[in-house]
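Notes follow the structure.
The values are calculated or read from the model by the stated rules, or taken from the named source; none is laboratory data. None of the values given here were measured: they were computed from a predicted structure. Cβ coordinates were reconstructed from backbone atoms using ideal geometry, including for glycine residues, and neighbour counts include every protein chain displayed. Only protein heavy atoms, including side chains, enter the accessible area calculation; ligands, DNA and RNA are left aside. Shrake-Rupley method; radii C 1.70, N 1.55, O 1.52, S 1.80 Å.
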Amino acid sequence: MRFVLTGIFLSVLVSAAPLSHKAYAGDLVIWTPVKVAPRTYHTTIGFRLPMAWEMSAGADLGLAGAAGGKILNGSELATLWGRAVDDRSNFASNSRREVAVRVDTLRGSGMLYLGRSRNWIVSQDLDMQMLRSLNVTTAQTAPTSVTASQAVKMIFPSTGTSISARGELTDVKGTFSSTFALNQAIVPNLNLTASLTDPLLLTPAGNVRVDYRIKW
């Protein structure tokens with residue numbers, strides 16, 4: 001068994017100079033231009049449909065240029081996407097069903113996602129989360145891959161502690177992996193995460209991480 005201390009990570013969020021600017025031309029139109037980096041731009045365009053499920057579809061377009069104005073080779077982005085989401089909630093729980101598809105028209109790859117999640121209050125001191133998902137990915141240079149996963153998380157709001165377990169099966173005759181994790185909120189903006197990957201193997205991998213975030 002080996003444990004790795006990943007260290008302390010510092011994240012600084014500056015609200016005075018955001019990198020992205022969102023503009024909406026009506027509730028049914030999606031228009032999100034983003035400046036990802038100097039001379040690198042990404043735009044999401046699409047539309048929503050007023051149906052029982054939240055239906056949306058559109059395209060992601062991107063481009064990057066050099067200092068002289070030349071377009072960088074391989075920086076082009078042209079992805080078509082579609083999404084259907086069903087959210088339901090009541091006093092003690094909420095559930096979500098989602099179907100999403102993405103097709104990269106330039107590189108000949110695609111993804112189909114089916115997911116279902118549920119959050120509910122078990123008692124005054126315990127919340128539960130459950131997630132099931134199925135991912136199907138295709139590419140010109142690789143065979144089709146199917147990944148099924150399931151995750152369960154127990155949350156103790158009074159102590160800021162959460163315990164999660166996740167299992168993932170890749171392809172019908174592929175490999176199975178599992179992860180157990182413990183997350184503890186120490187003080188505001190300071191979290192400790194300890195995880196163990198594939199604990200049933202002879203040499204499981206352990207990881208300990210401390211995250212500290214500053215916001216202003």
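Quick look at the values:
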| item | result |
| --- | --- |
| Boolean, Q140 is at pLDDT below 95 and open to solvent by 40 Å² or more (accessible area, probe 1.4 Å) | yes |
| Residue satisfying all of: in segment 74-94; assigned to a strand (DSSP E or B) and open to solvent by 50 Å² or more (accessible area, probe 1.4 Å); nearest to A64 (Cα to Cα) among these | L77 |
| Among residues of segment 45-85, those that are under 21 Å from P33 (Cβ atoms) and either out of contact with any Leu (no Cβ under 9 Å at 6 or more places or on another chain) or not small (G, A, S) (or both), counted | 17 |
| The one condition in (1) of a type in the set (G, A, S); (2) closer than 28 Å to V85 by Cα; (3) touching a Leu at 6+ places or on another chain (Cβ under 8 Å) that A194 fails to fulfil | (2) |
| Segment 190-216 residues that are more than 18 Å from T161 (Cα to Cα), paired with ones that are surrounded by 15 or more Cβ atoms within 10 Å (Cβ to Cβ) and at pLDDT below 85 (beta carbon under 6 Å, 6 or more apart) | D198/P204 |
| Extreme residue, surrounded by the fewest Cβ atoms within 10 Å (Cβ to Cβ), among residues of segment 95-137 that are among the acidic types (D, E) and more than 27 Å from D60 (Cα to Cα) | D125 |
| Some residue of segment 96-119 being modelled with pLDDT under 95 and in contact with a Phe, Trp or Tyr (Cβ under 6 Å, 6 or more places away or on another chain) | no |
| Of residues in segment 28-52 being in contact (Cβ under 8 Å) with a residue 24 or more places away in the chain and outside any strand (DSSP E or B), the one nearest to G82 (Cα to Cα) | A52 |
| For L201: the one exception among (1) within 27 Å of W120 (Cβ to Cβ); (2) of a type in the set (A, V, I, L, M, F, W, C); (3) open to solvent by 60 Å² or more (accessible area, probe 1.4 Å) | (1) |
